[in-house]
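Engineer: Structure in structure tokens, see below.
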Amino acid sequence: MSITRRVGMDRQALFQMAERNKTSDRGGRRHPIARWYRLDNAAKIYPVIMRSRHISVFRLSAVLHQEIEPDRLLAALRNTLKRLPFFAVRLRKGMFWYYLESCQLPVTVEEDVINPMRHWSVRDEKGYLFRVRYGQKRIAVEFFHALTDGYGGLVFLKTLTAAYLSLGGSQYRPGHGVLDLNADAQPEEMEDAYRRYSDFRVTRRPAETAAFHLQGTILTGHQLSMITGICSAGQVAEVAKRHQVSITELLTSVYLYQLYRIQQRGGFQIDRPVRISVPINVRRYFPTRTLRNFALYANPGIEPALGDYSFEEILLLVHYFMRYTINQKYLNAMMGANVRPEKNWLLRLAPLKLKTLAMRIVYALVGESRFTGTLSNLGAQTMPEEISGQIDHFEFQLGPSRLNPVNCAVISLNDNLTIAFTSTMQETDIQRAFFQHLVELGLDVTVMSNQIERK
């Protein structure tokens, strides 16, 4: 295991950065920096369920064609935080709610480790809600989900990577999710879009029973199995087109089918539903520039108690479920159901300890117990043309949880589509079956892990 190295900033540099953040030196314009922020609707649950076996952390990485210079990366991080002051916050506990408070502690970058994505704990509340790591050619950022979602995390990573490359002499035009470091932060980037768009005319959350969950040997301590497959995004798109489904629907169906096969072979909970939770970036339906959480979830699945399922049948079920569920009206009803409890005066006036207990009970009833695993696809990404060639690929990993010890995350760049499984379970049956299925579909897949690399 590698030894963590920290690169910090001295007090004078910190003071200068804080002063620049208070008042812009570009024409005297003010940055819209608040001293504290309410948690958005999705973020409220993450401080409540913090525990060692619920890793409410996700990780995004850019793998370059050059070795990473830690001092230059630290300088790029400082420049990025000037443009994105909302990320320079820490989690605080109030009388009624958790909230985010502006943080001016020294920022650091850390050498990467074999087992990253350590869960956020109470001791982390004093510091930032992200970690920037470097290793060989990789720039990685780990985010506590109370801070942002995959979209916001990508904007941060892209801007950080571009800032790093610019300090090495590369010039680029902002765009493709890379922000202009010479521009001021915008209030719209910090808004709680759930509160803005929730329509309470109809509030509806799908009624679901407890789902099947994988059983296995849990790794001791903070050990994390990370298995990643890389294949051609163009090839995957061709296979999806051949089956008349989207890439997300194809990969979700493969995952669902292999989980179903493991369920039936194991003889455990063989009649329980098998469902995959698929995060939906609702910015596609409700325009906003927010970099905070703004996602909902679709849970396509099957009912093994009704009979046997073929892969082709699951493909159709997933395809039609996603098309029926992912539309503005249905998503608005789900959003309203999530936000409405915040309007309840009794809940708002309840002390935080009572809220925490109530939220844990509700999460146990309608949270991760209702699905078998997660597959999150951040889609095909681009970078400014001037620097895109310096990046080999992106990586995306989701932290596993107590009931769902294996999760899957997908992202692509420059025709490199990466599919990453993160797990706290020793057994790797589902990962092996998933990638074998992709090979049977005609895909060339290179598989790597944090232990070995094989093709």
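The values are calculated or read from the model by the stated rules, or taken from the named source; none is laboratory data. These numbers were taken from a predicted model, which means no experiment stands behind them. Quick reminder, even Gly has a Cβ in these numbers, built from the backbone with ideal geometry, and neighbours come from all protein chains shown.
Engineer: Scan region 125-141 for residues that are surrounded by fewer than 18 Cβ atoms within 10 Å (Cβ to Cβ), basic (Lys, Arg) and either more than 16 Å from Leu165 (Cα to Cα) or outside the structural domain of Thr159 (by TED's automatic domain parsing) (or both) and jot them down.
Structural biologist: Lys126
Engineer: Then there's this: Among the numbered criteria (1) out of contact with any helix residue (DSSP H, G or I) (no Cβ under 8 Å at 6 or more places or on another chain); (2) polar (S, T, N, Q); (3) outside the structural domain of Phe294 (by TED's automatic domain parsing); (4) under 30 Å from Val113 (Cα atoms), which one does Gln186 miss?
Structural biologist: (4)
Engineer: I need the full set of residues from region 321-347 which are surrounded by fewer than 17 Cβ atoms within 10 Å (Cβ to Cβ) and of a type in the set (Phe, Trp, Tyr), in order please.
Structural biologist: Residues satisfying the conditions are Tyr324, Trp345.
Engineer: Additional query: Quick check, is Glu67 in contact with a strand residue (DSSP E or B) (Cβ under 7 Å, 6 or more places away or on another chain) and of a type outside the set (Lys, Arg)?
Structural biologist: Details: in contact with a strand residue (DSSP E or B) (Cβ under 7 Å, 6 or more places away or on another chain): no; of a type outside the set (Lys, Arg): yes.
Answer is no for this residue.
Engineer: Moving on. Evaluate the following for Arg72: is it among the charged types (D, E, K, R), farther than 17 Å from Leu39 by Cα, part of a helix (DSSP H, G or I) and in contact (Cβ under 8 Å) with a residue 40 or more places away in the chain? Talk me through it step by step, then tell me what you get.
Structural biologist: On the way: among the charged types (D, E, K, R): yes; farther than 17 Å from Leu39 by Cα: yes; part of a helix (DSSP H, G or I): yes; in contact (Cβ under 8 Å) with a residue 40 or more places away in the chain: yes.
Judged against the criteria, Arg72 is a match.
Engineer: If only one of Leu81, Leu105 is at pLDDT 90 or above, in contact with a helix residue (DSSP H, G or I) (Cβ under 8 Å, 6 or more places away or on another chain) and surrounded by fewer than 16 Cβ atoms within 10 Å (Cβ to Cβ), which one is it?
Structural biologist: On the way: Leu81 fails: surrounded by fewer than 16 Cβ atoms within 10 Å (Cβ to Cβ).
Leu105 is the lone residue from the list that is at pLDDT 90 or above, in contact with a helix residue (DSSP H, G or I) (Cβ under 8 Å, 6 or more places away or on another chain) and surrounded by fewer than 16 Cβ atoms within 10 Å (Cβ to Cβ).
Engineer: A follow-up question, please. Report yes if Tyr151 is closer than 30 Å to Leu77 by Cβ and within 24 Å of the chain's Cα centre (by Cα), otherwise no. Quick ask: steps written out before the conclusion?
Structural biologist: Details: closer than 30 Å to Leu77 by Cβ: yes; within 24 Å of the chain's Cα centre (by Cα): yes.
The answer is yes for Tyr151.
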